[in-house]
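Step one of this worksheet: look at the structure below.
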């Protein structure tokens, strides 16, 4: 038998080629992905009285507090948008983004007991986090849409760009992509150097202040705007406000920059994740 | 000839001793710099064999080195060795939980590994939800789980509790459910670690039975265990690992025999080394062991039902008034199969300081197989305690013919380890 032509289903090697990604096996394990989503969702609300109602309570309370602190106390403008709607619009996508980062950034550490015992494509876990957070996003979007409809009908303060709302799914995908790649980048690095775990919560908090969440872009002096737009999330939040509230900016250049940022980051974090998934059990 | 479905080539696994983190950034950069210039990883050439007792300058060890073997379809391979020999590491590499440092493994077919039962069980989820979760983690499809669902509940025997969160389960129910899921895996290659050692004897027997079924169906199984009885029962081939390298690769009995010798150095020339006692308080010491047939020749192989003479030398270092000496034989399955005690007409003997030559003629009627000698001397004063105990110090092999070569007992060892005569009565009643 000619050994070189023998067909093997699987080859276990120290490292694959750096660009090699096994998306086929991720697809094979798609059922596991949805079972993990179900697990996250079911397990989270077991033994709670309010259950998924917490998904509504959280943004409502945060919005109220922001309205008081940033609106009444600090008197930051909202581009004439009712305060509740303004803060809620900023927080909805932002919450999705930060949830994805913070959950994904502990992929390896939190799952080491499973990863240490059985193989499945490790990417399934961060992908399942994207999906289960997506369910939360849908519920929180329903909250946002009802508040939005209320103000749209009863007041004359909101002027949506309806055609642009068609782009909303693209914005969500970009947010998902950024949350995913930043998250797995951090989780890959923390397997060896734990320093980054300290940075996650703290960094997300800081990042919020260079994102137009609690202030409108128009409230910023011209020279700061470029800095804020260097944050790839800013243009997405701005675009979201542009389509639903009519304020904010729709900047193709900024959106293009965010997209490019997303592609490059995803590329690198996938490569790093791939390398780490083979070795992390030895270093974690 | 059946086809090769796993080929392991030059597998090695290197570990760093001490803390990961401190100083590793510098060596990472150094390694990256070598790789970037197309040079070899500077840390691969160093590193010691994994002998935990040896001191050495390097803080890198090879948990596995130069591992080569092939597994054919339908083979049941046992991997045995002392703690730290690399058994679990090779299983983890085969299960793709950790990557090898060097080498490659090629596989045909679907692998399922069982390094632990109940991986990923979530305490808040119900039994039903956990069956799906655990099954999916182990690589079963939803359809497979669904079609096996009733069988799984049945095997676990937890029908009533299936919609209760598993955190409310007793630990026995938990383990039974976990194993039930694993038992219904249907891979081409099954990798099993010592997980089966959890649970009570009944459960273990059930697990072994299930694994035996798998092997009967022609499935390829790789099995790691410290239980030689289980390995012998299940496997047809064994690999003995020693300090991360393959010491023996062959039929299961060879592997087990070698393992038990590895555990205790055998007295080949009859002289028992100083430091092999399993227990000693220094007051007495067995020095020499020899087995002779009745003609006076030293032998290692005996026929079934052939008497032999055991010669032992015992050095006594203080006077002992009230001693008992016993010599035992043990097979792989049981620690002891047979014991003969020197009790001097129901009275214990008194030993004076000096060297004794003990000779005893035995015919323990052991069934064919391989047996190791255990020698012990005890002081029975007060509560009684052991003065010296050496285990499996020498082996004899019993072969299945009688001395006059009439093949009256082609006996199978699985009938036990010993045969005794009884007073039989057989009457035809109808």
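The values are calculated or read from the model by the stated rules, or taken from the named source; none is laboratory data. Here the structure is a predicted model, which means the values were calculated and not measured. All Cβ positions, glycine included, derive from the backbone under ideal geometry; neighbour counts span all protein chains shown.
Only one of the numbered conditions (1) under 22 Å from the mean Cα position of the chain (by Cα); (2) at pLDDT 90 or above is not met by residue A:149, and that is (1). Residues in the range B:266-295 that are touching a residue at least 12 places away in the same chain (Cβ under 8 Å) and in a loop (DSSP other than H, G, I, E, B): B:266, B:267, B:270, B:272, B:276, B:277, B:278, B:281, B:282, B:283, B:293, B:294.
Among the residues of the range A:116-128, just one is within 14 Å of residue A:280 (Cβ to Cβ), touching a helix residue (DSSP H, G or I) at 6+ places or on another chain (Cβ under 7 Å) and within 7 Å of another protein chain (Cβ to nearest Cβ), namely A:116. Pairs linking a residue in the range B:192-221 that is more than 16 Å from residue B:233 (Cα to Cα) to a residue that is part of a helix (DSSP H, G or I) and at pLDDT 80 or above, with Cβ atoms under 6 Å and 6 or more positions apart or on different chains, are B:198/B:175; B:199/B:175. Just one of the numbered conditions (1) within 14 Å of chain B (Cβ to nearest Cβ); (2) not in a helix (DSSP H, G or I) is not true of residue A:41: (2). No other residue among B:115, B:91 is within 20 Å of residue A:111 (Cα to Cα), facing another protein chain (nearest Cβ under 7 Å) and touching a residue at least 12 places away in the same chain (Cβ under 8 Å) apart from B:115. As a summary of the residue check, residue B:47 satisfies the conditions (1) modelled with pLDDT of 70 or more; (2) surrounded by 20 or more Cβ atoms within 10 Å (Cβ to Cβ) except for the one numbered (1). Out of all the residues in the range B:10-19, is one or more more than 10 Å from chain A (Cβ to nearest Cβ), modelled with pLDDT of 85 or more and surrounded by fewer than 14 Cβ atoms within 10 Å (Cβ to Cβ)? Taking every residue of the range B:10-19 in turn, at least one turns out to be more than 10 Å from chain A (Cβ to nearest Cβ), modelled with pLDDT of 85 or more and surrounded by fewer than 14 Cβ atoms within 10 Å (Cβ to Cβ). Within the option set A:233, A:200, A:263, A:210, being out of contact with any strand residue (DSSP E or B) (no Cβ under 8 Å at 6 or more places or on another chain), under 23 Å from residue A:130 (Cβ atoms) and surrounded by fewer than 19 Cβ atoms within 10 Å (Cβ to Cβ) holds for one residue only, A:263.
Confirm whether residue B:53 is more than 9 Å from chain A (Cβ to nearest Cβ), part of a loop (DSSP other than H, G, I, E, B) and either modelled with pLDDT of 90 or more or surrounded by fewer than 23 Cβ atoms within 10 Å (Cβ to Cβ) (or both). In short, yes. Inspect the range A:231-244 for any residue being more than 21 Å from the chain's Cα centre (by Cα) and either within 14 Å of another protein chain (Cβ to nearest Cβ) or not in a helix (DSSP H, G or I) (or both) and give the result as yes or no. Within the range A:231-244 (the criterion being more than 21 Å from the chain's Cα centre (by Cα) and either within 14 Å of another protein chain (Cβ to nearest Cβ) or not in a helix (DSSP H, G or I) (or both)), the answer is no, since none of the residues qualifies. Looking only at the range A:7-23, decide whether some residue is assigned to a helix (DSSP H, G or I), closer than 17 Å to residue A:122 by Cα and either modelled with pLDDT of 80 or more or within 9 Å of chain B (Cβ to nearest Cβ) (or both). Yes, because at least one residue in the range A:7-23 is assigned to a helix (DSSP H, G or I), closer than 17 Å to residue A:122 by Cα and either modelled with pLDDT of 80 or more or within 9 Å of chain B (Cβ to nearest Cβ) (or both).
Figure legend. Inter-residue proximity from the range B:153-166: first residues under 11 Å from residue B:178 (Cα atoms) and away from chain A (no Cβ under 14 Å), second residues surrounded by fewer than 17 Cβ atoms within 10 Å (Cβ to Cβ) and at pLDDT below 90, beta-carbon distance below 7 Å, spacing 6+ or different chains. Indicated pairs: B:153/B:159. Scanning the range B:204-221 for residues that are touching a helix residue (DSSP H, G or I) at 6+ places or on another chain (Cβ under 7 Å) and buried (at least 20 other Cβ atoms within 10 Å of the Cβ) yields B:207, B:211, B:221.
So, in the range A:44-73, of the ones that are surrounded by 12 or more Cβ atoms within 10 Å (Cβ to Cβ) and either within 30 Å of residue B:132 (Cα to Cα) or in contact with a strand residue (DSSP E or B) (Cβ under 9 Å, 6 or more places away or on another chain) (or both), which residue ends up farthest from the other protein chains (Cβ to nearest Cβ)? Across the range A:44-73, the extreme among qualifying residues is A:56.
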